[in-house]
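The values are calculated or read from the model by the stated rules, or taken from the named source; none is laboratory data. What you are looking at is a predicted structure, and each value in this text was computed from that prediction instead of being measured. Note: ideal-geometry Cβ built from the backbone for every residue, glycine included; neighbour counts use all protein chains shown. The area values use the complete protein model at the heavy-atom level, side chains included, leaving out ligands, DNA and RNA. Shrake-Rupley method; radii C 1.70, N 1.55, O 1.52, S 1.80 Å.
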Amino acid sequence: MNKKNLLASAFAAAMCLTNASAFAAAIDYAFEPVAAELKKGDDVMIAVRLLHKSTGKPVSDAVIVRTRVDMAPDGMADMASPVAALPGNEAGVYAVKTDRPMAGRYLLSVTAKVQGEPETVVGKIIFTAIK
């Protein structure tokens with residue numbers, strides 16, 4: 001193999017590796033609850049932290065594009081609660097206000113766009129409403 005072909009092959013391989021990491025971007029992030037147990041009631045704040053898995057650092061420049069709160073973990077997915085976005089009080093923390101009328105487990109589904117990443121990050125976090 002001559003130098004020109006070898007160089008072209010190396011360049012092609014590097015481009016494939018670069019593109020592969022771009023396509024796997026959504027799995028590089030994770031949502032975690034700030035507190036997994038919260039009181040039941042109206043206008044309860046639920047907060048989640050978005051982290052970059054490899055660094056463990058919070059991601060503060062994401063844009064939340066969709067949220068939903070329901071009782072799917074307890075078999076009542078159609079029991080959805082209204083959700084309103086709240087400002088986060090620390091870097092990488094995203095909060096919503098919702099109603100949790102009864103004790104039980106609630107699922108927060110959140111979809112976010114992280115700047116510079118082509119894929120949408122999706123998180124499903126279970127919270128427990130206690131009396």
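Restricting Asp43, Asp61 to residues that are at positive phi and open to solvent by 60 Å² or more (accessible area, probe 1.4 Å) narrows the list to Asp43. Residues of region 75-131 that are out of contact with any helix residue (DSSP H, G or I) (no Cβ under 9 Å at 6 or more places or on another chain), open to solvent by less than 30 Å² (accessible area, probe 1.4 Å) and small (Gly, Ala, Ser): Ser81, Gly92, Ala95, Ala112, Gly123, Ala129. Within region 46-58, being open to solvent by 40 Å² or more (accessible area, probe 1.4 Å) and β-branched (Val, Ile, Thr) holds for one residue alone: Thr55.
Looking at Arg100, Arg105, can you tell me which residue is in contact with a Gly (Cβ under 7 Å, 6 or more places away or on another chain) and over 16 Å from Ile27 (Cβ atoms)? Break it down stepwise before answering.
Numbers: Arg105 fails: in contact with a Gly (Cβ under 7 Å, 6 or more places away or on another chain).
Exactly one of Arg100, Arg105 is in contact with a Gly (Cβ under 7 Å, 6 or more places away or on another chain) and over 16 Å from Ile27 (Cβ atoms), namely Arg100.
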